[in-house]
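What follows is a short report on a single structure.
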Amino acid sequence: MRIIPFPSEQPLPGEDAWIAELEAALSGEQQGPSADAWRELREDVRSLAPPMDPAFQARLERELLRREVVPSRQARPALARRALARRALADRLRTVARRLILRPRLTPSSLAGHLHTVVHRPLAHRRLAILAGALAAAVAFAAALVIATPRESRAPAQLSAPAGRVPRAPQAQASPSIAPTPRASKAGPAQAAASGAASPPSSTGAASAPGRVQQLAASMTLGTSASEVQAVSDEVAQLTVREGGYVQSSNVRVQQQGTSEGTLSLRLPSAKLSAALAAIGRLAPVRAENQSLEDITGAYEAAHRQLADALAVRSALLRALAAATTEGQIDSLRERLAQARSAISRAQASVNAVSQKASTAEVEVSVLGNTHGASTGLTLHTGLHDAGRVLLVTLIVLLIACAVLVPLALVIAAVLSGRSAWRRYQRERALGAP
Amino acid sequence: MQAFVSPAESSPPQGGPALDADAFEALFRQCASEVHGYLISLLRDRSAAEDITAQAFERLYRSRGRLDRRRGTPRAWLFAIARNAALDELRRRRRTSSYQADVGSPAQPPAGDAAGNEGFEQAERRMVVAAALASLPMRERELVLLKFHGQLTNAELAHTLGISESNVGTRLHRALTHLRAQCAPSEEDQVA
């Protein structure tokens, strides 16, 4: 056998130098016996493969070049298309066969389903991706709407926007209860008749403590334009009368330039306070609102005790008067009876005053004119405010969309990456297979 | 025997489209036989090699918009596509028979008395090279085939194989060292 010439009879040099030598030799940059030997080896290796069949080469050239390969699926080279179709069909049939083997309980319907899945897999994947994207977008949009809508409804009260809606305080404060004490309600018909209008209102609220008497108060500031201060103040007064209350005092100051203001001190039935405040709040945008509650049960009970004591003294004096026999006793008892009547009157007045406090709520309404937030027209401030709201909602939508889409994208990227890695692994396994 | 075309020569001019029709045609004329030779050496099946050759060019054309010059020349892309398709084919068939397969006979030695000795010597040498190549593990054999048929640089080989360039150098060094050892004349031959 002849000696096979091979690059470098000497032991191979270091790896880096060896690589450089090989690259230079194969690229033709290096000359000499060693480089020639490398090139000759390359030609030997290349010549081991039989040449391309001229018929195939001509057909491939005709398919790829003369018919103008275009990217559309319909215009693919027939040769490549046939090869692709044949291998794809073989793959799919193999998949079906594996499933048939692995699933002995296969029904005709499930078989049809498997076939459909295999045949339409690429299309199904595309549809699935589109569906997932649309679903994520819909979820993000819906979540944004859900979050944005309550904010919008609360915004006028919180941000003093001119929407004319009144923030309602909890029912516990809006309609406090005034309940008579058991002792007061057991005073008897005589005492009730004697007290007259002293019986407290019987309305009860959610936060009414049984047997407690409470006094309510509220204040509200309305914002409107300067020209509407008078009209709004009048409407407040009319509304107060309609609700069964009255205007205790009113002070309206309207100026052509500067701030116009109206202040009204109202007395409203406690039972109608909540509804009245809501109605007042609809007259103009509410700038501020405050409600307070004071427990006056002690004063109420003290007044009733004084009244009961005075009535008891009067009864005792009347009995003593009936039993009196001398002129001196009678004169003395009559004088004491007069004093008792005076005490009863004072106690009755006290009871009436406390009951009036309990049944009537004090409401202070301020109407401010020329406030920038009260304008209902389009101004720079309202425009900026609305723009801010739009930006805020947009930001929320984007945030929610990111919260939905980013994990979804990460999952898809992980799946695609894993699929790619698995395919690469499978290919490398094909090389390493025996 | 195909003429040697360096990867640099096969790359289209910079600044133009990644792979226009002219560049694709030039690449086809330069590389069709080499791709076919690489595939038939790897698959040992002429019909499969022809199918995958057609597939590789068709896929290259369809993916020409994604060609990135920084990641390799169109030639390197073409051989990467061909390699992946060939490995998919190998994976499908789940068989890698010995290198001696129905690939037909290599080039015949030239006829004639003047060239007879030289042709015979060349054929004999190629038989030895074929045997040495067949003795290589599949991965190293594939690397040698890709290097010699594809004429790719080590960087392009690294991108094609998904390994580092230094790893390519190491594996290539090992493969060619093994090839050299297999091709080295025995002591008996040297004596003869």
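Nothing in this text is a laboratory measurement; each read-out follows from the coordinates by a stated rule. Remember, it's a predicted structure, so these values are computed and weren't measured experimentally. A quick note on method: Cβ atoms are made from the backbone with ideal geometry, for glycine too, and the neighbour counts reach across all protein chains shown.
As an exercise, find the ratio Rg/Rh for the stretch B:21-66 from alpha-carbon atoms, using the Kirkwood inverse-distance average for Rh.
Expressed as Rg/Rh, it is 1.01.
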query = Given the C-alpha centroids of the stretch B:151-180 and the stretch A:278-348, what is the distance between them in whole angstrom?
reply = 111
request  = Mind checking B:81-92 for the average number of partner chain beta-carbons within 10 Å of each residue's beta-carbon?
outcome  = 4
task = Sort B:Ile40, A:Ile396, A:Ile412 so the one with the fewest other Cβ atoms within 10 Å of its own Cβ comes first.
result = A:Ile412, A:Ile396, B:Ile40
task = Can you check what the net charge comes to around A:Ser219, using other residues whose Cβ is under 12 Å from the Cβ of A:Ser219 (Lys, Arg +1; Asp, Glu -1)?
result = -2
inquiry  = Under a crude label model (7 Å from the Cα following the beta-carbon direction), how far is A:Val406 from A:Ala17 in nanometres?
reply    = 5.5
task = Rank the residues A:Val286, A:Val367, A:Val254 as a footprinting-exposure proxy: fewest other Cβ atoms within 10 Å of their Cβ go first.
result = A:Val254, A:Val286, A:Val367
task = Could you tell me which of rounded, prolate or oblate describes the stretch A:290-434, using a ≥ b ≥ c as the square roots of the eigenvalues of the alpha-carbon gyration tensor, with rounded for a/c under 1.5 and, failing that, prolate when a/b is larger than b/c and oblate otherwise?
result = oblate
key: A:Trp18, B:Trp77, A:Trp422, A:Trp38 arranged by Cβ crowding within 10 Å, fewest neighbours leading   = A:Trp422, A:Trp18, A:Trp38, B:Trp77
request  = Could you work out the local net charge near B:Leu176, counting Lys and Arg as +1, Asp and Glu as -1, over the other residues with Cβ closer than 10 Å to its Cβ?
outcome  = +3
remark   = Contour minus Cα-Cα span, B:Arg66 to B:Ser135, at 0.36 nm per residue, comes to 21.1 nm
remark   = Two pseudo-spin positions, 7 Å from Cα along C-beta at A:Leu131 and at A:Arg429, lie apart in nanometres by 2.9
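Express the relative contact order of the stretch A:235-352 as a whole percentage, based on alpha carbon pairs under 8 Å and six or more residues apart in sequence. Each step should come with its number before you reach the end.
Details: 93 pairs, mean separation 23.6, N = 118.
Relative contact order for the stretch A:235-352 comes out at 20 percent.
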task = Please work out whether the stretch A:247-288 counts as rounded, prolate or oblate from its C-alpha gyration tensor, where a ≥ b ≥ c are the square roots of the eigenvalues and a/c under 1.5 means rounded, while otherwise a/b larger than b/c means prolate and anything else oblate?
result = oblate
